[in-house]
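Shown next, in C-alpha cells, is the structure this report addresses.
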C-alpha cells in the first residue's frame, strides 16, 4: 500500500509539475497576444493549481490511512503474542498434569500420584493468575525486571514439574530497555512452557547474559524422561518468540542440543 501511494504521488507530481512549466511559458505568450488569451491562460493555471492542491491533500490522507492501518496490524500482532504468552504458559502445563491424573485414575493407577498431578495443576493455575497480572501490568507499560521474573519462573517450573530449573546470570546486571526486557521475559516463559509440553521429566537451565550493548538469554533442557502426552493446539510459540526478537533488531536461535532442546535469544540493550 505504501509503495502504491508513493508511486501515485510521484506520478501526479511529475504530471502537475510539467503542466505548470507549460502554463507558465504559455502565460507569457498569451498575454503578448492579448488580454483575453492571458485571462484564459491564467484561468487554466489556477485550475491546475487547485487540482494539484486537491491531489496533494488526497495523497496525504491516503498516507495517513495507510499508516493507521499498519499501526492497527502491528498492535493486533502485539496483542496476539501477549495473549498467547499469558495463557499458554500455565494452561498447557495444567493440561499435562490433568491429563496425567486422568490416565492414572482411569487405569486404576496410583491415586497418590494422581493427587500430586492435580495439586501441581492447582499451583499452575495460581501462578498463571499471577503471571496474567504481571502481563497486564506489562501492557500498561510496567515492564518487570527480567532477572527477578526469571527467578520466579524457575521456582514455578520446579513447583509444577518437580524438576529443578537452574538459573545463571553473567555480566553486570543493569536496567534494560522496556522492549528488550519484555522479550527476555516472554522468551524464557515460552521456552519453559515448551519444556513442560515436549520434554516431561527434563531438567531446565536458564542463562541470562548482560553483554556490551546487548542482552542474551539461553534456555536448555536435558530431554524428556517421561512419556510425552499429546496436547492439541500450539505452534505460535516459536513464531511469536522470533517475531518479538526481530521486531527490536534481535535474533532467536532454536534447535536440538544433546538429548534436549536449546533456545537462544540476543537483543540490543
Which is more than 19 Å from residue 171 (Cα to Cα) and modelled with pLDDT of 95 or more, of 200, 256? 256
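What number of residues in the stretch 220-237 are in contact with a helix residue (DSSP H, G or I) (Cβ under 8 Å, 6 or more places away or on another chain) and modelled with pLDDT under 85? Outline the logic, then answer.
First pass over the stretch 220-237, keeping only residues in contact with a helix residue (DSSP H, G or I) (Cβ under 8 Å, 6 or more places away or on another chain): 221, 224, 228-229, 231, 233-234, 236-237.
If we keep only those that are modelled with pLDDT under 85 too, we end up with 228-229, 231, 233-234, 236-237.
The qualifying residues number 7.
The values are calculated or read from the model by the stated rules, or taken from the named source; none is laboratory data. Here the structure is a predicted model, which means the values were calculated and not measured. Neighbour counts are summed over all protein chains in view; Cβ atoms, including those assigned to glycine, are modelled from backbone coordinates with ideal geometry.
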